[in-house]
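*Asks:* Below is a structure I'd like to ask you about.
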Amino acid sequence: MTKLLITYYSSYGHMFEMAKAARNAAEENEDYEVKLRKIPELEAAREAMSGQDAYQVAQEAQSDVEEVTLADLDWADGIVWGIPTRFGNMPAQVKQFIDTAGGLWAEGKLEDKATGIMSSSNTLHGGQESTILSSMLPLLHFGMIFVGSTYGQNPELSKDNMHGGSPYGPSTVAGSDGSKVPTEDDLNVAGRLAKRVARVAAGIKSTQ
Ligand SMILES: Cc1cc2nc3c(=O)[nH]c(=O)nc-3n(C[C@H](O)[C@H](O)[C@H](O)COP(=O)(O)O)c2cc1C
């Protein structure tokens, strides 16, 4: 079995939807064992956002999802990350979690795992691509092998009206007030990244 971890942070549910699409697509292959895990919320963020209905609804919707642990990172052959934009960069929640993985890094436990990143932003050019690219940096320090989304496998990326998705990875645009939901195209690209990461992970595993 190829073990695929899909881990994400989501304040308002967009990354959660993309992560579920990634999970569902990967689970179509019975050779893949898939875990969906959320990155823990920070108390300061909970305090800042808990007055917002959209935040409350989205957190309630994710209440059954287990929180990711370092053991999940160690377990996986491949990891798909769902990382929404914060000022063009990863949220503190994700950085906080990644910064606890120093022990795994020191032991080389994350080396040669396949990985890919999905993102979201409120505005079209608000930082989906910069978030994916800058989030690659710690993953490359970990020794992971980065997997993007190909134009060949994702005809959606070449559509003139496509808002999310790029060669760097799947993404979605939440809208300036956050009221948009991921489109079918966005979800399809997310699903294909999960399958591609799992395929690459399986290939690497077969050579080890
Ligand atoms: C502190 C903060 C900073 C943000 N910075 C940006 C930004 O730079 N560009 C942008 O388009 N959206 C920005 N957003 C909007 C988020 O990217 C958006 O809410 C998120 O992608 C939605 O995904 P989620 O529903 O999974 O949380 C920001 C949101 C917050 C709370």
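The values are calculated or read from the model by the stated rules, or taken from the named source; none is laboratory data. Everything quoted here is computed from the prediction, not taken from an experiment. Every residue, glycine among them, receives a Cβ derived from its backbone with ideal geometry; neighbour counts consider all protein chains shown. Note: accessible area is taken over every heavy atom of the protein model, side chains too, but ligands, DNA and RNA are not part of it. Shrake-Rupley method; radii C 1.70, N 1.55, O 1.52, S 1.80 Å.
*Asks:* Take N89, project a point 7 Å from its Cα along the Cβ direction, then tell me which residues of region 112-140 have their backbone nitrogen under 14 Å from it.
*Replies:* 130-138
*Asks:* While we're here: Just list whichever of K113/K180; K109/K159; K20/K95; K20/K113; K159/K205 have alpha carbons separated by over 31 Å in the model shown.
*Replies:* Long pairs (Cα-Cα over 31 Å): K113/K180; K109/K159; K159/K205.
*Asks:* Around Y9, with a cut-off of 9 angstrom between Cβ atoms, what is the net charge of the other residues, counting Lys and Arg +1 and Asp and Glu -1?
*Replies:* Summing Lys/Arg as +1 and Asp/Glu as -1 gives 0.
*Asks:* Let me ask something else. Which residues does a label at M49 reach in region 74-96, if reach means a backbone N under 16 Å from a point 7 Å past the Cα toward the Cβ?
*Replies:* It comes to 82-96, nothing else.
*Asks:* Which residue fluctuates most in the GNM of the chain (Cα springs below 10 Å): V65, V94, V189?
*Replies:* So, out of V65, V94, V189, the one fluctuating most is V65.
*Asks:* Follow-up. Pairs of alpha-carbon atoms within less than 8 angstrom and 6+ residues apart define the contacts here; what relative contact order does the chain have, in percent? Display every interim value, and only then the final one.
*Replies:* Values: 420 pairs, mean separation 53.1, N = 208.
Relative contact order comes out at 26 percent.
*Asks:* Taking the solvent-accessible surface of protein heavy atoms with a 1.4 Å probe, what is the per residue accessible area of the chain in Å²? Could the numbers behind the result be given before it?
*Replies:* On the way: 9780 Å² over 208 residues.
So the chain comes to 47 Å² accessible per residue, rounded to a whole number.
*Asks:* Under a cut-off of 16 Å between alpha-carbon atoms, report the aspartates and glutamates in cross-link reach of K35, not counting same-chain residues fewer than 8 places apart.
*Replies:* E17, E27, D64, E66, E67, D72, D74, D77
*Asks:* Using only helices, what value at 222 nm comes out for the chain when you add -39,500 (n - 2.57) per DSSP H run of length 4 or more and divide by the total residues, to the nearest 500 deg cm²/dmol?
*Replies:* Working: 8 runs with 86 residues, N = 208.
Theoretical 222 nm ellipticity from helices: -12500 deg cm²/dmol.
*Asks:* If you don't mind, another one. Using just the alpha carbons, could you tell me how many Å³ per residue the convex hull of region 1-68 encloses?
*Replies:* With only Cα atoms used, region 1-68 gives 69 Å³ per residue.
*Asks:* Report the normalised scattering of the chain as log10 I(q)/I(0) at q = 0.10, 0.15, 0.16, 0.18 Å⁻¹, calculated by the Debye formula with identical scatterers on the alpha carbons.
*Replies:* Taking Cα atoms of the chain as identical point scatterers yields -0.37, -0.87, -1.00, -1.29.
*Asks:* Report the gain in length on full extension from T150 to E111: 0.36 nm times residue separation, minus Cα-Cα distance, nm rounded to one decimal.
*Replies:* 11.7 nm
*Asks:* Amide H to amide H under 5 Å from S119: which residues, 5+ apart in sequence or cross-chain, H placed 1.01 Å off N in plane?
*Replies:* Those qualifying (amide H under 5 Å, at least 5 residues apart or on another chain) are I83, S171, T172.
*Asks:* Further, regarding this structure: For the pair D99 and M1, what calculated FRET efficiency results from E = 1/(1 + (r/R0)^6), where r is the Cβ-Cβ distance and R0 = 41 Å, to the nearest 0.05?
*Replies:* About 0.85, to the nearest 0.05.
*Asks:* Taking R0 as 45 Å, what's the FRET efficiency between D177 and K205 from their Cβ-Cβ distance, rounded to 0.05?
*Replies:* Working: r = 44 Å, r/R0 = 0.97.
It comes out at approximately 0.55.
*Asks:* If you don't mind, another one. Quick one: what are the phi-derived ³J(HN,Hα) couplings along region 152-165, Karplus 6.51/-1.76/1.60 with θ = phi - 60°, whole Hz, x for glycine and proline?
*Replies:* x, 8, 10, x, 4, 5, 9, 6, 5, 9, 6, 9, x, x
*Asks:* Restricting to Cα pairs below 8 Å that are 6+ residues apart, what does the relative contact order work out to for region 1-109? Please round to a whole percent.
*Replies:* Across region 1-109, relative contact order equals 38 percent.
*Asks:* For region 70-83, in order, what is each residue's ³J(HN,Hα) by Karplus, 6.51 cos²θ - 1.76 cosθ + 1.60 with θ = phi - 60°, in whole Hz (x at glycine and Pro)?
*Replies:* With the stated coefficients, region 70-83 comes to 4, 4, 5, 4, 5, 5, 6, 8, x, 9, 10, 9, x, 10 Hz.
*Asks:* GNM on the chain, C-alpha springs below 10 Å: top fluctuator among T150, T100, T69?
*Replies:* T100
*Asks:* Over region 2-207, what percent of the accessible surface lies on carbon and sulfur atoms, probe 1.4 Å?
*Replies:* On region 2-207, the fraction of accessible area on carbon and sulfur atoms equals 50 percent.
*Asks:* Right, another one. Name the long-range amide H neighbours of I145: under 5 Å, sequence gap of 5 or more, or other chain; modelled H, no Pro or chain starts.
*Replies:* Hits under the 5 Å cutoff: D112, K113, A114, T115.
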